[in-house]
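The numbers here are math on the coordinates, done by the rules we state, and not lab data. This structure is a prediction, so every number in the text was calculated from the model and none was measured. So basically every Cβ, Gly included, is an ideal-geometry build from the backbone, and we count neighbours across all protein chains shown.
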Amino acid sequence: MERVSIDEQQCKSCGLCVSVCPVKILIISDRLNARGFRPAQCTDQDKCTSCSSCALVCPDIAIALYREVKA
Amino acid sequence: MAEEMKVIYERPRSWANKVTHYCPGCTHGVAHRLVAELVDEMGLLDKTIAVWPVGCAVLGYEYFTFDSVEAAHGRAPAMATGIKVTNPDNFVFTYQGDGDLASIGMAEIVHAAARGWPITVIFINNGNYGMTGGQMAPTTLLGQKTTTSPLGRTPQTNGFPIRVAEMLAQLDGPAYIARVSLDSPVNIRKAKSAMRKAFNAQVRGIGFSMVECLSTCPTNWKLTPVESMERIRKEVMPYFPLGEFKVAQGVL
Amino acid sequence: MSDKVLMKGAEALAEGAIQAGCRFYFGYPITPQNETPEYMSRRLPEVGGRFVQAESEVASINMVYGAACAGVRVMTSSSSPGISLMQEGISYISGSNVPCVVMNAMRGGPGLGNIAPAQADYFQAVKGGGNGDYKRIVLAPSSIQEGVDLFVDAFELADKYRMVVMVIVDGLIGQMMEPVEFKTKVDVSTLKTPEWATVGRHGRDHANVITSLTLDAAGLEKWNLKLQAKYAQVERSESRIEEYQMDDADYAIIAYGTMARIAKTTVRVARAKGIKLGLLRPITVWPFPAKQLQAYAPKLKGALTVELAYRQLFEDVQLALCGKIPLGWFGRGGGVVPGPQEILAAFEEQFGKGR
Amino acid sequence: MEHNVVIAGFGGQGVMLIGELLARAGMEEGKEVTWLPSYGPEQRGGTANCAVVVADEPIASPLLTEPQAAIVFNRQSFDKFEPVVEQGGLLVVDSTLIDKKSSRADLDMVYIPATDIAMELGNSKFTNMVLLGAYLGKVNPISMASVHAALSVFLTGKKAALIEVNKRALQAGVDFVNKK
């Protein structure tokens, strides 16, 4: 399961998450969503540190964050 | 693989999960999200009534799952007063922009603050009238170009920007007044903690509270969302310093 | 002795509102109705209500708007210039379909004018004032007792139709004293919070939203048609008129409020002189009792509209009766109140000696 | 039957009070009454007047443009109301303060040195009661007993001690017009 889950339909491609990610794993994708925006995309789920910066700056509440816990 | 996923961040329950009408990168969405998170975390969903302004947030009620009313331009504090008086146990907040709160609604906000009754105000300061196309606001900085100050705001013709937080903090009525910024993850965290204090000031019955949020308007500022965040830090914060201007006893 | 008490109009009407279940009042001082907020500030806390002195009439009406959204019985009062400032809120309240009561103690205008009795806010009350296609029910008592009784109706009608009900009086009714009896006492504990009210969800499965905003034109037209249907229903059901000495009348005076009361004496004086004059007094000026007026038309040789304004009420009389009977008009403005003889003289000038 | 009267003088002379007393007494008798003050800036410091109607039938106009009677406490009020009292009506004048005589032949005139009489009773403040007494001695819209009963509504607590002297002032007014 993804650590960084981006709701592509909610994303407006503002790029704020890309600018704040300390490990640089977010990019603006080449795809278009249904409303014509190119959504943000995570390039390397395993590198996510769960710092939450992307979710904090996202004005569209498009990002959810998860972390594995050992059972 | 016996691995479970722990939630680090998910959408708040108070959020109606619709795509907002705000422009890409506009920090209205951030302020909305903080409100929704706090309503969830503080268990206020059933008691909340939001009062929405005229301005970009006019459709704010579309995006939340609590009760809402839509005020006339600038009158949200008066309407909130009417609502709070009828049901004092409810949680009542207004959400207002700088034209709404600091221009046409200046009388209403000052007197609501002076009465000091426990209502909470989320004040979005983005230095212009966003919805109507970027005209000059009471908070527009000197030199800032807008559609009604095309050569830049000058004190001779347009007067000076109003520091609302400092002004209201002079009154005895308010319990909590702060200015925060929505420009970065760290400041957004601080903004949320200020809003929590503001909400608490009402929930604990201490008094009136307001959080002024330095916000962006990438479309009318004609900057990218990322550049807009930088502008807050470089140009806006020097005139509108962040901080808590009034913290009454018991606010936490 | 009966249960009558001698009270000033402005105070009696306030008590009437409280007896009608009003528990919230928001207002701003203006002469000649200051006794109303003063009385409310004393009395409302005694009955578990709240009085708030707002920073302006603009704020008052928007506080009323907020309280109205909570589904409580709420009112404000003011006088002409203050009512002008409230038009914004009245339009929003109307557009949002929530109920409230507004009292206007009309005074001389335009502008600051004076504080003498006038009826020059008739158009503002019944035709417009604020923006948009909306109507309010407008009640026009001509005595303190009637005002007190009508306040009960005002709150009932406001709740029933979810609309603004305006009670129009003037300084004369507000400042005079008459014996008054409070016949109806509404038990507020029996008033239920409406299901549409914004009082917090408290377990409700959906959010209530109250707004007058509909961006989509087709949607707003649909909403307007709904409002229009409601107004048509009110016009069919709620118009009221008092008929005084009309059984054998050849002529009628048409007047409302204070002016009607003075014209009643004119009717008595005229009848003593052998003129068969009667009085038709609209109690609701919106909905205007046009049908009731029209029913009298075949029996009448003419009608004189009398008002403390310049051809405002007269316009509605014309709409109802034009071409049916000869119509005359007499009015004084600026706060001048004509006496019964002056009205009779105007009648005789326009209709001869009435024989 | 309808009685109406305008009561006029300076603010502070108790003009409004005797008007209200008359209205209250009428109400105690189960009659229809109205009390209408002139109001506004002129009420503060200047002249004050009120119109009182007492009737058996519902009252039409509370506004008196041609009153049946007027009680005037000062010269300005005399000048304002003497011309408008209806034909054959009554004018009660405090002759201590007003030296003018009416030129109208049709009026029933009472010139009573009300302030002097009040002073004899101990205080010029009772002038209003003396004048009301003179009016009541001439016309009888209500009984003196009802006026006495209404007095006890106004004069309560410490002021209750003043009821007796007010009654004497009323009677002095009645006696003055009856002696004539």
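Restricting everything to alpha-carbon atoms, can you work out Rg to Rh for chain D with a Kirkwood hydrodynamic radius? Don't skip to the answer; put the middle values down first.
Numbers: Rg = 15.0 Å, Rh = 16.0 Å.
Result for chain D is an Rg/Rh of 0.93.
For the range C:90-240, what ratio Rg/Rh do Cα atoms give with a Kirkwood hydrodynamic radius?
Numbers: Rg = 17.8 Å, Rh = 17.5 Å.
Radius of gyration over Kirkwood radius for the range C:90-240 works out to 1.01.
Determine the shielding of peptide D:131-140 by partner chains: average, over its residues, the number of Cβ atoms on other chains within 10 angstrom of each Cβ. Before the final figure, lay out each step's value.
Numbers: counts 0, 0, 0, 0, 0, 0, 0, 0, 0, 0.
Mean inter-chain Cβ contacts per residue within 10 Å come to 0.
Can you work out the Karplus-derived ³J(HN,Hα) for every residue in the range D:153-168? Use 6.51 cos²θ - 1.76 cosθ + 1.60 with θ = phi - 60°, whole Hz, and x for glycine or proline.
6, 7, 9, 10, x, 4, 6, 4, 5, 8, 4, 4, 5, 5, 4, 5
List the residues, sorted by chain then number, that are 5 or more residues from B:M210 or on another chain and whose placed amide H is less than 5 Å from its amide H.
B:V121, B:Y176, B:I177, B:A178
For a test of understanding, tell me how many lysine pairs in the range B:28-247 have Cα atoms under 28 Å apart, given they are 8 or more places apart or on different chains.
Count of close lysine pairs: 21.
Taking square-rooted eigenvalues a ≥ b ≥ c of the alpha carbon gyration tensor, is the range D:1-98 rounded, prolate or oblate, where a/c under 1.5 means rounded and, failing that, a/b exceeding b/c means prolate?
Working: a/c = 1.84, a/b = 1.42, b/c = 1.30.
Verdict is prolate for the range D:1-98.
Mind giving me the nanometre distance, one decimal, between the label points for D:K100 and B:E41, set 7 Å out from Cα along Cα→Cβ?
According to this spin-label approximation, the distance is 8.1 nm.
Taking the Cβ of B:A191 as the center, what net charge do the other residues with Cβ under 13 Å away carry, scoring Lys and Arg +1 and Asp and Glu -1? Mind showing how you got there, number by number?
On the way: positive: B:R33, B:R179, B:R189, B:K190, B:K192, B:R196, B:K197; negative: B:E37, B:D183, B:E212, B:E244.
With Lys, Arg at +1 and Asp, Glu at -1, the net is +3.
If you count, for each residue, the other Cβ atoms within 10 Å and average over each peptide, how do C:345-351, C:215-221 line up from highest to lowest? Walk me through the numbers before you get to the answer.
Working: C:345-351: 17.0, C:215-221: 10.0.
Order by mean packing, descending: C:345-351, C:215-221.
With N residues in the range C:208-355, what two-decimal value do you get for its Cα radius of gyration over 2.2 N^0.38 Å? Provide the component values of the computation, followed by the final result.
Numbers: Rg = 18.7 Å, N = 148, 2.2 N^0.38 = 14.7 Å.
Rounded to two decimals, the normalised Rg is 1.27.
If you take the charge dipole of chain C about its Cα centre, with +1 on Lys and Arg Cβ and -1 on Asp and Glu Cβ, which of C:T266, C:Y39, C:L150 is farthest toward its positive end?
C:T266
Semi-axes of the protein assembly as shown's equivalent ellipsoid from the Cα gyration tensor, sqrt of 5 times each eigenvalue, largest first, rounded to whole Å? Provide the component values of the computation, followed by the final result.
Working: eigenvalues 873, 170, 104 Å².
That gives 66, 29, 23 Å for the three semi-axes.
Return the lysines within reach of C:K226: Cα separation strictly under 26 angstrom, same-chain partners fewer than 8 residues apart disregarded; answer none if there are no such residues.
Those lysines meeting the cut-off are C:K127, C:K135, C:K160, C:K192, C:K291.
About the Cα centre of the range C:79-153, how large is the charge dipole given +1 on each Lys and Arg Cβ and -1 on each Asp and Glu Cβ? Please answer in debye to the nearest 20. Could you put the intermediate results ahead of the total?
Details: 4 positive and 6 negative charges, 37 e Å.
Dipole magnitude for the range C:79-153 comes out near 180 debye.
Applying a 10 Å radius around every beta-carbon, put D:117-130, D:150-163 in order of their mean neighbour count, most first. Don't jump to the answer; show the numbers that get you there.
On the way: D:117-130: 20.9, D:150-163: 13.0.
Result, highest mean first: D:117-130, D:150-163.
What does the helix-only formula give at 222 nm for chain B: each DSSP H stretch with n ≥ 4 adding -39500 (n - 2.57), the total divided by the residues, and the result rounded to the nearest 500 deg cm²/dmol? Could you put the intermediate results ahead of the total?
On the way: 8 runs with 75 residues, N = 252.
Counting only the DSSP helices, I get -8500 deg cm²/dmol.
Would you give the gap between the C-alpha center of the range C:92-153 and the C-alpha center of the range B:197-252, rounded to a whole Å?
Computed from Cα coordinates, the inter-centre distance equals 42 Å.
State to the nearest 20 debye the size of the charge dipole of the range A:4-65 about its Cα centre, where the only charges are +1 on K and R beta carbons and -1 on D and E beta carbons. Walk me through the numbers before you get to the answer.
Working: 6 positive and 6 negative charges, 32 e Å.
It works out to roughly 160 debye.
How crowded by other chains is C:15-27, given as the mean number of beta carbons from other chains within 10 Å of each beta carbon?
On the way: counts 0, 0, 0, 0, 0, 0, 0, 0, 2, 3, 0, 4, 0.
Per residue, the number of nearby Cβ atoms from other chains is 1 on average.
Cross-link candidates for D:K167: which lysines have Cα within less than 19 Å, leaving aside residues fewer than 8 places away along the same chain?
Answer for D:K167, where 19 Å is the Cα cut-off: D:K125, D:K138, D:K158, D:K159, D:K179, listed by chain and number.
Against the empirical 2.2 N^0.38 Å scaling, what ratio does the C-alpha Rg of chain C come to? Don't jump to the answer; show the numbers that get you there.
Values: Rg = 20.6 Å, N = 355, 2.2 N^0.38 = 20.5 Å.
So chain C has a normalised radius of gyration of 1.01.
Assign unit charges at the C-beta atoms only (+1 for Lys and Arg, -1 for Asp and Glu), then state the dipole size of chain C relative to its Cα centre in Debye, rounded to the nearest 20. Mind showing how you got there, number by number?
Values: 38 positive and 37 negative charges, 126 e Å.
For this selection, approximately 600 debye.
Let me know the whole percent of all Cα-Cα pairs from the range C:1-150 that are separated by more than 27 Å. Present the calculation step by step, with values, prior to reporting the outcome.
On the way: 1793 of 11175 pairs.
Here the tail beyond 27 Å accounts for 16 percent of pairs.
With θ set to phi - 60° and the Karplus curve 6.51 cos²θ - 1.76 cosθ + 1.60, what are the ³J(HN,Hα) couplings of the range A:6-14 in order, to the nearest whole Hz, using x for Gly and Pro?
Ordered by residue, 3J(HN,Hα) equals 9, 7, 5, 6, 7, 5, 10, 6, 6 Hz.
So what is the diffusion coefficient of the range B:147-206 in µm² per second by Stokes-Einstein at 20 °C and 1.002 mPa s, using a Kirkwood Rh over Cα pairs? If you can, show how the numbers build up before the last one.
Working: Rh = 14.2 Å.
D = 151 µm²/s.
Order of B:R115, C:R136 from fewest to most other C-beta atoms within 10 Å?
Values: B:R115 20, C:R136 26.
In order of increasing Cβ crowding within 10 Å: B:R115, C:R136.
So if each residue of separation counts as 0.36 nm, and I subtract the Cα-Cα distance between C:T184 and C:N131, what length gain in nm does that give?
That pair, C:T184 and C:N131, stretches by 15.5 nm at full extension.
What number, in nm² with one decimal, is the all-direction average of the projected area of the convex hull of the alpha-carbon atoms of the range A:4-65? Mind dumping the intermediate values first?
Values: hull surface 14.0 nm².
About 3.5 nm², averaged over all directions.
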